[in-house]
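*Asks:* Just dropping this structure here.
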Amino acid sequence: AAEEGFDIEDVEGAIEAAGHGPLPVLAVVGRPNVGKSTLVNRIIGRREAVVEDKPGVTRDRVTYEAEWAGRRFKVVDTGGWEQDVLGIDASVAAQAEYAIETADAVVFVVDSTVGVTDTDEAVVRLLRKANKPVVLCANKVDGLSGEADATALWSLGIGEPHPVSSLHGRGTGDMLDAVLEALPEAPAQTFGTAIGGPRRIALIGRPNVGKSSLLNKVANEERVVVNELAGTTRDPVDELIELGGVIWKFVDTAGIRKRVHLQQGADYYASLRTAAAVEKAEVAVILIDASESISVQDQRIVTMAVEAGRAVVLAYNKWDTLDEERRYYLEREIETELAQVAWAPRVNVSARTGRHMEKLVPAIETALAGWETRVPTGRLNAFLGELVAAHPHPVRGGKQPRILFGTQAGTKPPRFVLFASGFIEHGYRRFIERRLREEFGFEGTPIHISVRVRE
Ligand code: GDP
Ligand code: GDP
């Protein structure tokens, strides 16, 4: 490495940074307008227009990576979530519920210029029940004169209020120190490491694609495991189901089985549920209604699973209803609308007739195997050497940036760090990803590639 112009610490640091396992999750909750989004932007160091959220618009992306004092974690931003549709209390309750299910610690934001409201009190009760560490952020303390307002928040009974101005940055450092103390090193959900622990599947898809029908089908035909398995903790919303001779944990099935039909906001709740299930799972089985056009909502769900770094299986349901013509158009739609997951194994099923149910497990196993693939450094560099020789990066400004060497820093999903002599263009990165997939498989898994450029 040294002769290539990188010093060894550089290389080790980059590998460690890229190879991290799952990160602990911090959720930011609170009433609308207390400054959650502003705070999240400060935590993740994003400076651009913050408060872009319009009522009625749910942002696709809720999770960001952040770093403080050398520790990395995920931040869940609930600030952009729906407020009008459900009413404030329901919206805040949903945030808290999400936080409880997915987070390792919670930052509870209160507007100290307003003081404690009934809604704040209600959130505190929810958080208490959740038994997760909570850091209390007394926001909008823009100057010394606001400190007294912050002190008043001791009355919430959840410990020290940290006076913060998310807008100006005042006090955020001290608060983040407290967050790091509250946050475990690794998430409570350990990924596939528990010996004999069932693998976790999230069965997701937009409303009415057939999730509940599929779950019933597999749970009825195969034996539903009612007994606790030794050594496994079981969430009441998770279900253990034996399929193909193996026990799987279907996470968050309460959201599937529960037929709550809210007049409004049902989609909103569905998307929260989906996000929570994806966070808890290793593999997402994404159900798509093959009888209807692939929609933006389908794509959003796919993106959610990919961005979360989960293994992915695509199941096209209601196959029993397809005629020749629909089948033709479906294939075209898959090519154009779901190109981002062209690598995912696919099954064409019918929850109604049971068609191809037996193909589900092999597809899941394939995706999990891809997700866990590790390429030895020697093989990777032999491959990179040949690739770079045969297809050099285009010359830019009289210089030719070159990939010098690389290593796989982690799995679940596979993460690579490549070291280069200059800036590597996006198109070339995509090319490398494509060739990596051709060479090593990675069926059913997203892969991450980060590039370090020699100074
Ligand atoms: P959210 O709905 O909880 O995500 O709140 P936003 O982050 O959208 O902030 C709501 C409003 O409060 C915006 O106008 C922000 O500029 C403002 N705000 C947020 N943090 C602070 C702060 O620390 N001090 C002051 N004075 N205003 C703030
Ligand atoms: P969920 O909202 O995703 O849980 O969807 P449901 O399981 O409630 O299914 C929605 C509707 O689609 C119901 O009327 C089901 O009977 C129907 N359905 C589900 N799977 C199939 C299938 O494979 N074929 C057909 N023809 N209908 C299905």
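*Asks:* Any idea which of ALA367, ALA344 is assigned to a helix (DSSP H, G or I), away from ligand 1 (no atom under 16 Å from the Cβ) and at pLDDT 95 or above?
*Replies:* ALA367
*Asks:* Does GLY210 qualify as being touching an Asp or Glu at 6+ places or on another chain (Cβ under 8 Å) and at pLDDT 80 or above?
*Replies:* yes
*Asks:* Return the only residue of VAL75, VAL123, VAL92 being modelled with pLDDT under 90, surrounded by 22 or more Cβ atoms within 10 Å (Cβ to Cβ), under 20 Å from ALA305 (Cα atoms) and not hydroxyl-bearing (Ser, Thr, Tyr). Steps first, please.
*Replies:* On the way: VAL123 fails: under 20 Å from ALA305 (Cα atoms); VAL92 fails: under 20 Å from ALA305 (Cα atoms).
Step by step, each of VAL75, VAL123, VAL92 is checked, and only VAL75 is modelled with pLDDT under 90, surrounded by 22 or more Cβ atoms within 10 Å (Cβ to Cβ), under 20 Å from ALA305 (Cα atoms) and not hydroxyl-bearing (Ser, Thr, Tyr).
*Asks:* Continuing with this model, one more query. Go through region 417-453 and report how many residues are in contact (Cβ under 8 Å) with a residue 12 or more places away in the chain, under 23 Å from MET304 (Cβ atoms), of a type outside the set (D, E, K, R) and not in a loop (DSSP other than H, G, I, E, B). Full working, then the answer.
*Replies:* Step one: of region 417-453, the residues in contact (Cβ under 8 Å) with a residue 12 or more places away in the chain are 417-425, 428-429, 431-433, 435-437, 439-453.
So of that shortlist, the ones also under 23 Å from MET304 (Cβ atoms) come out as 429, 433, 437, 442-450.
Those left that are additionally of a type outside the set (D, E, K, R): 442, 444-450.
Retained after the next criterion (residues that are not in a loop (DSSP other than H, G, I, E, B)): 448-450.
Matching residues across region 417-453 total 3.
*Asks:* Moving to a separate point now. Give the number of residues within region 156-178 that are over 26 Å from ASN131 (Cβ atoms) and among the charged types (D, E, K, R).
*Replies:* Total satisfying the criteria: 1.
*Asks:* Another question, if that's okay. Output the number of residues of region 152-185 satisfying the condition of being away from ligand 1 (no atom under 16 Å from the Cβ) and in contact (Cβ under 8 Å) with a residue 12 or more places away in the chain.
*Replies:* Residues that pass the stated criteria total 15.
*Asks:* State the number of residues belonging to region 281-304 that are within 18 Å of the chain's Cα centre (by Cα) and part of a strand (DSSP E or B).
*Replies:* The number of residues fulfilling the criteria is 5.
*Asks:* Restricted to region 347-364, and to residues that are free of Cβ contacts under 8 Å to residues at least 60 places away in the same chain and in a loop (DSSP other than H, G, I, E, B), which residue is surrounded by the most Cβ atoms within 10 Å (Cβ to Cβ)?
*Replies:* SER350
*Asks:* Just to check your reading of the model, which residue among ILE424, ILE449 is touching a Leu at 6+ places or on another chain (Cβ under 7 Å) and either loosely packed, with under 13 Cβ neighbours inside 10 Å or on the phi < 0 side of the Ramachandran plot (or both)?
*Replies:* Just a single option satisfies the conditions, and that option is ILE449.
*Asks:* Among the residues of region 385-399, which ones are modelled with pLDDT of 90 or more and assigned to a loop (DSSP other than H, G, I, E, B)?
*Replies:* Result: HIS391, PRO392, HIS393, PRO394, VAL395.
*Asks:* Please state which one of PRO401, PRO394, PRO414 is over 30 Å from ILE204 (Cβ atoms) and either in contact (Cβ under 8 Å) with a residue 40 or more places away in the chain or in contact with a Phe, Trp or Tyr (Cβ under 7 Å, 6 or more places away or on another chain) (or both).
*Replies:* PRO401
*Asks:* Between residues in region 94-121 that are in contact (Cβ under 8 Å) with a residue 60 or more places away in the chain and residues that are of a type in the set (Asp, Glu) and assigned to a helix (DSSP H, G or I), which pairs lie under 7 Å by C-beta distance while being six or more apart or on different chains?
*Replies:* THR102/GLU279; VAL110/ASP120; THR119/ASP89
*Asks:* In the list THR151, THR119, which residue meets the criterion of being in contact with a helix residue (DSSP H, G or I) (Cβ under 7 Å, 6 or more places away or on another chain), assigned to a helix (DSSP H, G or I) and not hydrophobic (A, V, I, L, M, F, W, C)?
*Replies:* THR119
*Asks:* Looking at LEU176, is it modelled with pLDDT of 90 or more and in a helix (DSSP H, G or I)? Reasoning before the result, please.
*Replies:* On the way: modelled with pLDDT of 90 or more: yes; in a helix (DSSP H, G or I): yes.
Yes.
*Asks:* Which one of the conditions (1) surrounded by 18 or more Cβ atoms within 10 Å (Cβ to Cβ); (2) in a loop (DSSP other than H, G, I, E, B) does ARG374 fail to meet, given that it meets all the rest?
*Replies:* Exception for ARG374: condition (1).
*Asks:* Quick check on this structure: which one of ALA369, ALA344 is under 22 Å from GLU282 (Cα atoms) and either of a type in the set (Phe, Trp, Tyr) or surrounded by fewer than 17 Cβ atoms within 10 Å (Cβ to Cβ) (or both)?
*Replies:* ALA369
The values are calculated or read from the model by the stated rules, or taken from the named source; none is laboratory data. Keep in mind that this is a model prediction, so the values were computed, not measured. Note that we place each Cβ from the backbone using ideal geometry, even for glycine, and neighbour counts take in every protein chain shown.
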